[in-house]
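Bear in mind that the values in this text are calculations on the coordinates, not laboratory data. For clarity, every value in this text was computed on a predicted model and none was experimentally measured. Virtual Cβ from ideal backbone geometry, glycine too; neighbours counted across all protein chains shown.
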DNA sequence: ACGGCCTGCCCATTGAATGGGATCGCCGTT
DNA sequence: AACGGCGATCCCATTCAATGGGCAGGCCGT
């Protein structure tokens, strides 16, 4: 009697997950260091059966969300970026801010970043880097925690009260000996930021880097983004506050203009 | 006898379309001029029944692909951009090229663009604009036809043979009296580009704008992108070729370096 | 108060998506 | 050359997630 392959009807079909969930998981499987993946590796990372992964990749390639390399490996497609960028309010903010950021960058000669609040993190939408400057630990489309980055603190200071409480309540991860992990201290800093209109974060994320950030307000005076500069610790942070504030004001003008 | 609502079992469920198709159509419904849409309008544009549209929007919002405005209208979410940008090979090219583009931009003082080949069009991944310069008719994430833009001609000249034939065969849309619509002329220009390493397009898209473009090659000497400058017609185009070529070479160095 | 419009929920219905297994092709090793 | 391992795709019976009319509640301008 043939036993193998006849062991009752095994559970087939259905996954208990929406297609969207899986599409997002597939996209999340790619990272800056793993930009090209085989279908197998991709399926593994996304937690999908090989057959399902294969089919999903084929579909996503057909719709331009993924692209196949010459060596059959898979990458994220440019069409996805196009769809995401074309009508994104955040990206149009970026585009408006660009000329100002360029000028600021030419002036200060260090990393210049534009970040927005997304969930419980800062998401950097633009970054003009200075080759010779302090270590690079952010990229475009990278995220940083709100309590340990200058942009993050600025955005948190002007965020809805419930988000502030949530962050203050949750554990505050430590990155260096200087990272602020005491909620009470953070709360005081946030009040200071609202009063002063800027913040200086010395070695919170990386012991040798200082971040300085100011808020950018939209036409309704709501804080929509933060501009920041990353400088080595030995540089006088105070000198950069005025140019930063001036840049923020120029971006605000361009936001209101058209 | 109640007639209404009893007229036999109406066809329900199923659409004959994959979820992905619809997700893409929803995203396509947004344009730079319509960045926020009501659920109703969105459903209409994407060709979806109201109920289905409502549910899809809810799902997509939950996964961060869309975001809801304060006034209940819908926008594209930043998370989508993040997923698209984080691991995109094209975007990392952009990031590498940025410092060079910045410098070039400061030097020439006109629109500077970085475009890649995508399907049968150029897709612009970066654009540094000059406020006072000629009319803006491209944006980031915008597309232009291959035969009528300087970047397009450069990319087409180095594209696979079958794509070249396809474009040469298809109708060549006319935008100005100067647009090249004769396949034979275009074919000759492509050969010239391969020989010269640059192209000048005078008034092909807009009667008063001239585009100048050069190719950027990756580590395998394959053309991966095109850098272009847009100048007013009365400016001497020739003067910009050398700086452009120099910029392209510097980008190529940075592509091969790490 | 009324009509138009937008929105989201309900729920019977069903076809699109599923995943185990078989197949095919490509390596490097025996 | 034959083998074994691996990765990718195909096949197809199975089934549940997605579907879309209908309906009700909310909002606005008239």
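Ranking A:193, A:251, A:135, B:230 by Cβ neighbours within 10 Å, fewest first, what do you get?
A:135, A:193, A:251, B:230
If N is the number of residues in segment A:120-255, what value comes out of its Cα radius of gyration divided by 2.2 N^0.38 Å?
Ratio of Cα Rg to 2.2 N^0.38 Å: 0.99.
Hey, how many Å between the Cα centroid of segment B:130-201 and the Cα centroid of segment A:41-118?
26 Å
Work out the P(r) tail for chain A: percent of alpha carbon pairs separated by more than 29 Å, whole number.
Summing the P(r) of chain A above 29 Å gives 44 percent of all pairs.
Between residue A:19 and residue B:191, what is the spin-label point distance in nm, taking each point 7 Å from the Cα along the Cα→C-beta axis?
Simple spin-label model gives 4.8 nm for this pair.
Just to be sure I understand: with springs between alpha-carbon atoms less than 10 Å apart, which residue in B:179, B:78, B:210 has the highest mean-square fluctuation in the Gaussian network model of chain B?
Per the Cα network of chain B with a 10 Å cutoff, B:78 tops the list.
Taking 4 °C and 1.567 mPa s as the conditions, I'd like the Stokes-Einstein D for segment A:81-199 in µm²/s, using the Kirkwood hydrodynamic radius from alpha carbon pairs.
83 µm²/s
What number, rounded to the nearest 500 deg cm²/dmol, is the helix-based mean residue ellipticity at 222 nm of the protein assembly as shown, given -39500 (n - 2.57) per DSSP H run of at least four residues and division by all its residues?
The helix-only estimate for the protein assembly as shown comes to -13500 deg cm²/dmol at 222 nm.
How long is the gain from residue B:34 to residue B:249 if the chain were fully straight, where each residue apart is worth 0.36 nm and the alpha carbon distance is subtracted?
73.5 nm
Where does helix B:19-28 land angle-wise versus the long Cα axis of chain B, in degrees 0 to 90, nearest 10?
Roughly 60 degrees, rounded to the nearest 10.
Tell me the distances, shortest first, between residue B:32 and the same position across the other copies, using label points 7 Å along Cα→Cβ, in nm to one decimal.
Label-point separations across copies, in nm and ascending: 2.8.
Under 8 Å for C-alpha pairs, at least 6 residues apart: give me the relative contact order for segment B:87-256, rounded to a whole percent.
Relative contact order here is 23 percent.
Using a 10 Å cut-off around each Cβ of peptide B:60-67, what is the average number of partner chain Cβ atoms that fall inside?
Mean partner shielding for this stretch: 3.
Angle, helix A:183-196 long axis vs. longest principal axis of chain A, Cα atoms, 0 to 90°, nearest 10?
For A:183-196 against chain A, the angle is about 60 degrees.
At q = 0.13 Å⁻¹, what log₁₀ I(q)/I(0) does segment A:19-83 have when each alpha carbon counts as one equal point scatterer in the Debye sum?
Evaluating at q = 0.13 Å⁻¹ gives log10 I(q)/I(0) of -0.28.
So what's the angle, to the nearest 10 degrees on a 0 to 90 scale, between helix A:89-108 and the longest Cα principal axis of chain A?
Long axis of A:89-108 versus the principal axis of chain A: about 50 degrees.
Just grab the label-to-label distance for residue B:242 and residue B:135, each label 7 Å out from Cα along the Cβ direction, in nm (one decimal).
That separation, rounded to one decimal, is 3.3 nm.
Which log10 I(q)/I(0) values does the protein assembly as shown give at q = 0.07, 0.11, 0.14 Å⁻¹ under the Debye formula, counting every alpha carbon as one identical point scatterer?
The calculated log intensity ratios at q = 0.07, 0.11, 0.14 Å⁻¹ are -0.45, -1.05, -1.52.
In what sequence do B:62, A:252 fall when counting other Cβ within 10 Å, fewest first?
So the residues, fewest neighbours to most, are B:62, A:252.
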